[in-house]
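Written below as structure tokens is the structure these notes are about.
The values are calculated or read from the model by the stated rules, or taken from the named source; none is laboratory data. Quantities reported herein were computed from a predicted structural model and do not represent experimental measurements. As a convention, Cβ positions derive from the backbone with ideal geometry for all residues, glycine included, and neighbour counts pool all protein chains shown. SASA here: full protein model, heavy atoms, side chains in, ligands and nucleic acids out. Shrake-Rupley method; radii C 1.70, N 1.55, O 1.52, S 1.80 Å.
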Amino acid sequence: LKVMISGAPASGKGTQCELIVQKFGLVHISTGDLLRAEVSSGTEIGMKAKEFMNSGSLVPDEIVIAMVAGRLSREDAKKHGWLLDGFPRTFAQAQSLDKLDVKPDIFLLLDVPDEILIERCVGRRLDPVTGKIYHIKSYPPESDEVKARLIIRPDDTEEKVKARLKIYKQKSEAIISAYSDVMIKIDANKPREMVFEETKTLLSQIN
Ligand code: AP5
Ligand code: ZN
């Protein structure tokens, strides 16, 4: 199974991916997560990417493309299938996949109204130990121990979310039309489990 998941900042891509991985065992390839890991390890890629990410702009194509190509070529992705989250995000990125003959079985587009996205981002918290995604109001952590270690993403201020959303709107049309033959739009302005019910049904229909 080869799945792409797309949608605006905080539309719930990472949250759905957690649930999809649990159920379908796909290899989750999130360019945001991979880049954040590079930044926190202080690698060369991380040092190049940091300023772009912290300001809410896109990291240059060549960096992200090389990272994803490397990840897709690994045995686990070939064996278990993959779930690509946050890539491709530009036309050049989509073209790079074409060149590698990489095509998804399905392209899930999470649809959430703009006014909901800011609140989702500003309240988001991450568990640096498990990588789990929480929300201070709608999805708080189970224990005080987890609560005490939660972190806030540097690009989750209202101002930076607006900048990210603007870029998403500029770039997403070209991506959506590139994958229109396998694209399914999902109403993601519903509780996470309800969104997952729909996602699960769609993915179960693919062999
Ligand atoms: P990335 O990490 O991909 O950020 P993003 O696309 O802005 O998406 P988010 O991770 O913010 O949101 P999400 O849709 O995963 O939502 P989540 O499930 O966490 O990229 C970050 C940066 O890296 C980019 O800005 C760029 O600099 C760089 N980058 C990454 N990919 C790149 C690429 N291809 N090219 C160039 N640069 C790239 O949920 C959000 C919140 O909402 C959480 O609190 C969650 O609990 C809550 N929530 C989730 N679902 C629901 C629901 N159904 N109901 C209520 N609340 C919900
Ligand atoms: Zn995410």
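The table for this structure:
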| quantity | calculated |
| --- | --- |
| Scope the range 137-148; condition closer than 18 Å to residue 18 by Cβ and surrounded by 11 or more Cβ atoms within 10 Å (Cβ to Cβ); matching residues | 138, 139, 140, 141, 146 |
| Any chance residue 66 is more than 9 Å from ligand 1 (Cβ to nearest atom), in a helix (DSSP H, G or I), farther than 22 Å from residue 206 by Cα and open to solvent by 50 Å² or more (accessible area, probe 1.4 Å) | yes |
| Spans of strands (runs of 3 or more DSSP E) in the range 117-198 with at least 2 residues farther than 15 Å from residue 11 by Cβ | 124-126 |
| Within the range 165-182, tally of residues that are more than 16 Å from the chain's Cα centre (by Cα) and either open to solvent by 80 Å² or more (accessible area, probe 1.4 Å) or without any contact (Cβ under 8 Å) to a residue 60 or more places away in the chain (or both) | 6 |
| From the options 107, 91, 87, residue that is within 20 Å of residue 164 (Cα to Cα) and away from ligand 2 (no atom under 16 Å from the Cβ) | 91 |
| Number of positions in the range 69-87 that are touching a strand residue (DSSP E or B) at 6+ places or on another chain (Cβ under 8 Å) and surrounded by 13 or more Cβ atoms within 10 Å (Cβ to Cβ) | 11 |
| Cβ-Cβ under 6 Å pairs, at least 6 apart or on other chains, the range 192-207 side of a type in the set (Val, Ile, Thr), far side part of a helix (DSSP H, G or I) | 199/16 |
| Matching residues, the range 110-126, being in contact with a helix residue (DSSP H, G or I) (Cβ under 7 Å, 6 or more places away or on another chain) and more than 11 Å from ligand 1 (Cβ to nearest atom) | 114 |
| Odd one out for residue 125 among (1) free of Cβ contacts under 8 Å to residues at least 40 places away in the same chain; (2) farther than 25 Å from residue 54 by Cβ; (3) basic (Lys, Arg) | (2) |
| Residues of the range 33-51 satisfying the condition of being open to solvent by 20 Å² or more (accessible area, probe 1.4 Å) and either within 16 Å of ligand 2 (Cβ to nearest atom) or closer than 25 Å to residue 116 by Cβ (or both) | 33, 34, 36, 37, 38, 39, 40 |
| Per-region count, the range 5-26, residues in a loop (DSSP other than H, G, I, E, B), within 11 Å of ligand 1 (Cβ to nearest atom) and hydrophobic (A, V, I, L, M, F, W, C) | 2 |
| Every pair of residues 6+ apart whose Cβ atoms lie under 8 Å, when the first sits in the range 62-90 and is acidic (Asp, Glu) while the second is part of a helix (DSSP H, G or I) and surrounded by 12 or more Cβ atoms within 10 Å (Cβ to Cβ) | 85/13; 85/14; 85/17; 85/31; 85/32; 85/33 |
| Where a residue in the range 3-21 is under 21 Å from residue 114 (Cα atoms) and open to solvent by 10 Å² or more (accessible area, probe 1.4 Å) and its partner, wherever it lies, is of a type in the set (Lys, Arg) and not in a strand (DSSP E or B), with Cβ under 6 Å and at least six apart | 9/164; 10/120; 15/192 |
| Only one of 162, 185 that is more than 26 Å from residue 1 (Cβ to Cβ), in contact (Cβ under 8 Å) with a residue 12 or more places away in the chain and open to solvent by 80 Å² or more (accessible area, probe 1.4 Å) | 162 |
